[in-house]
Amino acid sequence: MSLVGPTVEQLLAAKEIVVVCGSGGVGKTSTAAALATMAAADLGGKVLVLTVDPARRLATAMGLSGLGNVETRVSPRAFADAGIEPRGELWAAMLDTKQSWDDLIRRHAPDAATTDAILDNPLYRNVAGRFVQSHDYIAMERLYELHTSGAYDLIVVDTPPTRHAIDFLEAPERMADFFSSRLLRWLMAPYRSRLINVASRPFYQVADRVLGTAFLRDIAEFFLLFQSMHDGFVQRASAVERVLGDRRTTFVVVTTLESTPAHEARRFVEVLKAKHLHLGALVLNRVLPPQLLDPSSTEVARQLSARSEAVAAQVLAVRPEVAEDPTVLARVLEELGDSFLNFQVVAKREAEQRAEFGVSADVVATVPSLPTDIFDLAGLASLAEHLRRA
């Protein structure tokens with residue numbers, strides 16, 4: 001199903017960054033990889049998919065096994081095995097949160113001493129990559145770094161699996177706010193100065209007993225060091241927001257028609273609209289095929305259900321080898337007809353949900369439930385074909 005407007009292929013040709021969003025478990029990673037595969041195969045150029053935790057077999061097929069932030073070209077042999085002769089190159093990288101944070105520190109710390117102090121801080125070593133939406137934030141950082149390098153014609157980003165897709169958009173602002181918050185100033189105050197406010201002294205005495213003085217010192221040192229990069233965080237967050245709002249960037253929202261993911265998708269689309277970000281495509285995944293709504297198929301299913309014995313007799317008159325017992329064949333035919341009609345009820349409900357979704361995107365694509373998991377480029381190409389038809 002599609003709305004009048006550009007195709008997915010045209011959308012990819014017109015953009016430099018495609019950000020694929022959606023709640024967990026809706027097929028976001030596979031969709032991102034399929035879009036990148038389509039672009040590399042059909043449009044040419046150098047295409048990168050920056051993915052997060054793909055299924056192991058898919059990672060192996062794309063040459064990502066055991067790799068992190070290093071971009072690696074997907075082997076031409078993998079395309080050949082899938083029967084594809086690509087016009088361009090497909091590269092892939094898998095986000096490594098800890099390594100990305102280390103690289104970020106090295107880029108933005110004011111000097112080598114600060115860099116070493118942060119990387120050696122016990123708190124940083126234990127929690128880097130786990131605090132304050134760092135996964136979402138570092139994905140933004142990595143995207144910005146790769147885009148500004150100019151090395152790729154198109155970057156497709158598979159956003160981190162968060163409970164709310166909106167977290168990805170808000171991560172830079174929240175990170176900057178966190179490092180300038182009153183809470184952190186309160187924690188760091190005793191270590192900025194030996195003079196502790198009388199009103200706050202009981203808090204620190206209790207904290208010292210419960211957490212230990214060394215732990216509080218590590219916290220204070222950690223955030224004091226990070227404060228030296230605060231301006232860089234704020235500037236970078238603004239730069240990332242400008243890139244996301246640029247006309248060369250588009251968003252693809254992936255969802256199923258189940259209640260919770262669909263609600264999350266609608267909410268995310270509203271946020272994109274409020275932030276004046278471009279919604280290029282809505283992908284409705286694992287949708288039942290439209291053939292279930294075909295009137296002639298419906299009539300056949302009804303005949304199988306209501307007249308299974310007569311139909312079985314007709315079949316055996318022509319093909320007696322199909323079954324030894326007409327009763328067994330009749331029961332199978334009846335169950336087949338009933339199953340079709342039951343699935344048709346769900347398909348009608350889905351069609352109503354699609355009509356009521358009320359999302360204005362350049363492209364609305366529906367992808368059926370595929371018979372097998374995607375574990376190689378051939379599977380990605382098959383998914384890309386469904387997206388191409390939108």
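The values are calculated or read from the model by the stated rules, or taken from the named source; none is laboratory data. Every value quoted in this text rests on a predicted model; they were computed, and no experiment measured them. FYI the Cβ positions are ideal-geometry reconstructions off the backbone, even for glycines, and counts take in every protein chain you see.
Scanning region 71-81 for residues that are among the aliphatic types (A, V, I, L, M) and either free of Cβ contacts under 8 Å to residues at least 60 places away in the same chain or part of a loop (DSSP other than H, G, I, E, B) (or both) yields a count of 2. If the condition is being part of a helix (DSSP H, G or I) and modelled with pLDDT under 90, then region 82-113 contributes 97, 98, 99, 100, 101, 102, 103, 104, 105, 106, 107, 108.
Might you check whether a residue that is assigned by TED's automatic domain parsing to the domain that holds residue 17, farther than 20 Å from residue 31 by Cβ and of a type in the set (D, E, K, R) occurs anywhere in region 253-272? Yes, because at least one residue in region 253-272 is assigned by TED's automatic domain parsing to the domain that holds residue 17, farther than 20 Å from residue 31 by Cβ and of a type in the set (D, E, K, R). Considered as a group, the residues in region 307-321 that are in a helix (DSSP H, G or I) and free of Cβ contacts under 8 Å to residues at least 12 places away in the same chain include one that is farthest from the chain's Cα centre (by Cα), and that residue is 317.
Residue-level analysis places residue 277 outside the set of residues that are outside the structural domain of residue 343 (by TED's automatic domain parsing), closer than 16 Å to residue 19 by Cα, in a helix (DSSP H, G or I) and among the aliphatic types (A, V, I, L, M). Taking residue 324, is it exposed (fewer than 12 other Cβ atoms within 10 Å of the Cβ) and in a helix (DSSP H, G or I)? Criteria not met by residue 324. In the same structural domain as residue 258 (by TED's automatic domain parsing), surrounded by 13 or more Cβ atoms within 10 Å (Cβ to Cβ) and out of contact with any Phe, Trp or Tyr (no Cβ under 6 Å at 6 or more places or on another chain), is that true of residue 315? No, not satisfied. Checked against the criterion of being part of a helix (DSSP H, G or I), in contact with a Gly (Cβ under 9 Å, 6 or more places away or on another chain), under 19 Å from residue 346 (Cβ atoms) and of a type outside the set (Phe, Trp, Tyr), the candidates 304, 292 yield just one match: 304.
In the set (1) within 23 Å of the chain's Cα centre (by Cα); (2) modelled with pLDDT under 85, the condition left unmet by residue 148 is number (2).
Within region 245-271, residues that are among the basic types (Lys, Arg) sit with their Cβ atoms under 7 Å from residues that are modelled with pLDDT under 95 and part of a helix (DSSP H, G or I), at 6+ positions apart or across chains, in these pairs: 267/166.
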